[in-house]
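Asker: Before anything else, here's the structure in question.
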Amino acid sequence: MIANADDALLAGVRAVLVGSGTALSMFGAVLGEQGADVIRIEAPARGDDLRRRGPFAGDHSLTWAVAARSSRSVTCALAHPEGRALARRLLEGAAVIGECLGPGGLEALDLGLEGLRGPRALVRFSGRGQAGPEAAQEAPEVVALAMSGLLGLTGQPERPPVPFGVRLAEQLAGVSGATAALAALLDEPAGDELGPVVIDLATHSAALRLTEWTVAAYDRLGVERHREGNRPSSVAPLDVYLTADGDHVALVGGSDANFARLVKAMDREDLLSDERFASSDARVAHGSEINGLVASWVHSQRTDEVERRCLSCGAPFGRVAGAPDIFANAHLAARGDLVTIDDPTIGPHVQQAPHPRVVGAAPIVPTPAPTLGQHNEQIWCDELGITPAELDRLRASGIV
């Protein structure tokens, strides 16, 4: 049984992150929360850009507190030859390298693949990829969503597209990068001279992978997919409905089984014999009518009553949760989906628990996000053998 970080799935695997950004941080978080030793190389004095992204608790970023947990921080001026020499030593000792410096960024710093034999995987994050006619152009979250076609599928059909409330594409890129790195770790190297597997992780490509049948349908059928709002043309009833309390709840009755459960919850089992709703295809053809009936019923009920009725009948139900609902959710609490991080800079506070988790294992509480250069002495001196006097000189020179 996994009981602590020393027994975690990736215990003994070192990952070094170079650069900044949401994708790179998610990549490090996935590895770190499974036990990898994740080390961030940050610029002296300034550090990672995410340290300056709000909201803030006092002077400390809560974005950073979540994004950088379960990792260590060293400072190193990559623009300086001595800084690059230090960084290369750290990279050589890593099993995995994550990099977000733009196409050719590592090579521009003389930190490219030449002579790099220790790592098994180099994951290169960028907006538009390492190659291609537009590779040099930036593609942050909303631009990557737009390029991928995913943004064009979100929102109401008569309104402009709506970006997601979180950085979905960038975080998916981080998860995809971690998956690819783990695959590289499983692969047996051909010999001592084999360099790392290089993984080109473009944010727009990660978002494109989420567009389901959009590309295939256009290629094979000439069908162009468009925004459909909360009511997709292929499933009915399905929507986010307004209750009498002013809350929003998600209900799904697309399949015959779920439709039967939903109408039982509504005390409208007569709808099962209505030819307009007798099959999934019929319900899709009369989507506005059946969604309207469900909407009227939900709007006539208090939220707790809709929940009680749906759950008692086995009908899929979900409240649209805000933070207070997440904290009050007994199911999340019972599963350990929230954990308290004892952060020395911010103080104890609740965050999402690591995901995924091993069945039968006690959840490992993430370590707090590091302060800038918190682990300089530990890594540069204790692990790489630099003397304290030499570290003091490098610090005074602005190299670390």
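The values are calculated or read from the model by the stated rules, or taken from the named source; none is laboratory data. Every value quoted in this text rests on a predicted model; they were computed, and no experiment measured them. All Cβ positions, glycine included, derive from the backbone under ideal geometry; neighbour counts span all protein chains shown. For the accessible areas, the whole protein counts, side chains as well, though only heavy atoms, and no ligand, DNA or RNA atoms are used. Shrake-Rupley method; radii C 1.70, N 1.55, O 1.52, S 1.80 Å.
Asker: Roughly what angle does helix 81-92 make with the longest principal axis of the chain, taking Cα atoms, 0 to 90 degrees, to the nearest 10?
Answerer: The helix 81-92 is inclined about 60 degrees to the chain.
Asker: Quickly estimate the mean residue ellipticity at 222 nm for the chain, helices only: each DSSP H run with n ≥ 4 gives -39500 (n - 2.57), and the total goes over all residues, rounded to 500.
Answerer: Taken over the chain, the calculation gives -9500 deg cm²/dmol.
Asker: Under 5 Å between amide H atoms, partner at least 5 residues away or on a different chain: which partners does Arg72 have, H built in plane at 1.01 Å?
Answerer: Long-range HN contacts for Arg72: Val38, Ile39, Arg40.
Asker: How far is helix 256-265 tilted off the main Cα axis of the chain, in degrees rounded to 10, range 0 to 90?
Answerer: Computed tilt is about 70 degrees.
Asker: Arrange the peptides 148-155, 363-370 so that the one whose residues have, on average, the most other Cβ atoms within 10 Å appears first. Provide the component values of the computation, followed by the final result.
Answerer: Numbers: 148-155: 18.9, 363-370: 21.2.
Highest to lowest by the protection proxy: 363-370, 148-155.
Asker: What relative contact order, as a whole-number percentage, does the chain give when Cα pairs under 8 Å and 6 or more residues apart are counted?
Answerer: 19 percent
Asker: So with the 1.4 Å probe, I'd like the accessible area per residue for the chain, rounded to whole Å².
Answerer: Accessible surface, normalised per residue, equals 51 Å².
Asker: Additional query: Pull up all non-local amide H partners of Val197: gap of 5 or more, or a different chain, and H-to-H distance under 5 Å with H placed in the peptide plane.
Answerer: So Val197 has HN proximity to Ala121, Leu122.
Asker: Over segment 211-358, calculate the relative contact order: mean separation of alpha carbon pairs under 8 Å at least 6 apart, over the residue count, as a percent.
Answerer: 21 percent
Asker: Using a 1.4 Å probe over the heavy atoms of the protein chains, calculate the carbon and sulfur portion of the accessible area of the chain as a whole percent.
Answerer: Here carbon and sulfur together make up 55 percent of the probe-accessible area.
Asker: On to the next question. Excluding Ser279 itself, calculate the net charge of residues whose Cβ lies under 15 Å from the Cβ of Ser279, where each Lys or Arg counts +1 and each Asp or Glu counts -1.
Answerer: Cβ neighbours under 15 Å give a net charge of -3.
Asker: How far is helix 168-186 tilted off the main Cα axis of the chain, in degrees rounded to 10, range 0 to 90?
Answerer: Around 60 degrees separate the two axes.
Asker: Of Phe259, Ala244, Thr214, which is farthest towards the positive pole of segment 214-261's charge dipole, taken about the Cα centre with +1 and -1 on the beta-carbons of Lys, Arg and Asp, Glu respectively?
Answerer: It is Thr214, whose Cα lies furthest towards the positive end.
Asker: Which percent, to the nearest 5, of DSSP beta bridges fully inside the chain are antiparallel?
Answerer: 40 percent
Asker: Counting pairs of alpha carbon atoms under 8 Å apart in space and at least six apart in sequence, what relative contact order in percent does segment 272-359 give?
Answerer: Normalised by residue count, the contact order of segment 272-359 is 11 percent.
Asker: I would also like to ask the following. Among Gly47, Gly98, Ser25, pick out the residue whose Cα is farthest towards the positive end of the charge dipole of segment 1-101, where Lys and Arg carry +1 and Asp and Glu carry -1 on C-beta, about the Cα centre.
Answerer: Gly47
Asker: What does the charge dipole of the chain about its Cα centre add up to, to the nearest 20 debye, if the Cβ of each Lys and Arg holds +1 and the Cβ of each Asp and Glu holds -1?
Answerer: About 360 debye.
Asker: Which cross-chain or sequence-distant (5 or more) residues have an amide H under 5 Å from the amide H of Leu251, H modelled 1.01 Å from N in plane?
Answerer: Asp239, Tyr241
Asker: Hey, another quick one. Counting residues in segment 17-164 as N, plug N into 2.2 N^0.38 Å and put the Cα Rg over that result.
Answerer: 1.17
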